[in-house]
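The values are calculated or read from the model by the stated rules, or taken from the named source; none is laboratory data. Computed from a prediction, not measured in an experiment: that's the story for all the values here. Backbone-built Cβ (ideal geometry, glycine too); neighbour counts: all protein chains shown.
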């Protein structure tokens, strides 16, 4: 998988069900975090965001929410949006469709959301078909690579600075594995684009995420 941009296949699927970026000419970016909540890193991310008055969307792992409900409540209390990232952080390519759907539904016992991001960006056509009427699949247009041990913090920052454009969905990870690169790149990334006049919004606030199929 490309280290920064999603495969072309994702970008040609119906935007009614799957989103890689938000079509806009406005200076707005959509910042997302995967794999939390995790003590020792998620609160640090929340502090960095609060200091800059930046909103984001957290795609949480249900098992982590169950283990760390106090950290999850910090995300909610700060007003950020949340998305489903399965309960056990499953690889869709290695999981039968029924088991995968069951795991997604188990995660949703701990949060209310219609946003779903498959871990690793890996899912099968069957899984997509079974879940697309209940969730908007959220992929990305810029992957920071903060989880990748082979890149430096400077390369992580370069990934997000050089590839983010209006409407980009950017992925960082609030996980211990990504901590060093995340804490280096995130504040510098935010300060750069805030200085350029950009604003950051939750995905739940974007017009495309509020389409008719998701209205309650």
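Data overview
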| item | result |
| --- | --- |
| Cross-chain or 6+ apart pairs with Cβ under 6 Å, region 28-57 first and touching a residue at least 60 places away in the same chain (Cβ under 8 Å) and at positive phi, then crowded, with 23+ Cβ neighbours inside 10 Å and not in a strand (DSSP E or B) | 35/61 |
| Filter result (touching a helix residue (DSSP H, G or I) at 6+ places or on another chain (Cβ under 7 Å), in a loop (DSSP other than H, G, I, E, B) and closer than 22 Å to residue 118 by Cα) within region 41-60 | 41, 56 |
| Whichever residue in region 116-163 is buried (at least 16 other Cβ atoms within 10 Å of the Cβ) and at positive phi and, among such residues, is modelled with the lowest pLDDT | 121 |
| Residue list for region 118-166, filter: in contact with a strand residue (DSSP E or B) (Cβ under 9 Å, 6 or more places away or on another chain), free of Cβ contacts under 8 Å to residues at least 40 places away in the same chain, within 16 Å of residue 103 (Cβ to Cβ) and not in a loop (DSSP other than H, G, I, E, B) | 131 |
| Test for residue 100: is it on the phi > 0 side of the Ramachandran plot and in a helix (DSSP H, G or I) | no |
| Total residues in region 1-27, condition more than 16 Å from the chain's Cα centre (by Cα) and either at pLDDT 90 or above or assigned to a strand (DSSP E or B) (or both) | 5 |
| Extreme residue, nearest to residue 30 (Cα to Cα), among residues of region 65-94 that are outside any loop (DSSP other than H, G, I, E, B) and either touching a strand residue (DSSP E or B) at 6+ places or on another chain (Cβ under 6 Å) or in contact (Cβ under 8 Å) with a residue 60 or more places away in the chain (or both) | 81 |
